[in-house]
């Protein structure tokens, strides 16, 4: 028989547990009350552990959302050439994309 207190095997002929001294002569009602109490306590502990995990995961998601929100709204634009500053601005002519490039100015009236 297993002791209800220490869960150690005890011979059936013993009146008290040889490991912890718990009284082995118990009635069915005492056993069911003890088991009900133990299962209720285990369920409460499991529920508390589960809720701690859910809160921890929620906290990690919340902090990650705050960090990635700032990156999403203000993405970093890398400089293609680090520490490059042009010395002078190069002028360029605007291109006309409506005229074909093979026509000359004299051909267009």
Exercise. Is it the case that some residue within the stretch 73-94 is in a helix (DSSP H, G or I) and either at pLDDT below 85 or exposed (fewer than 10 other Cβ atoms within 10 Å of the Cβ) (or both)?
Worked result: yes
Problem set entry | Of the criteria (1) in a helix (DSSP H, G or I); (2) loosely packed, with under 11 Cβ neighbours inside 10 Å, which one residue 13 fails | (1)
For this session: Look at residue 66 and say whether it is out of contact with any helix residue (DSSP H, G or I) (no Cβ under 6 Å at 6 or more places or on another chain), surrounded by 10 or more Cβ atoms within 10 Å (Cβ to Cβ) and at pLDDT 75 or above.
Result: no
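The values are calculated or read from the model by the stated rules, or taken from the named source; none is laboratory data. Since the model is a prediction, treat every value here as computed from it, not as a measurement. A quick note on method: Cβ atoms are made from the backbone with ideal geometry, for glycine too, and the neighbour counts reach across all protein chains shown.
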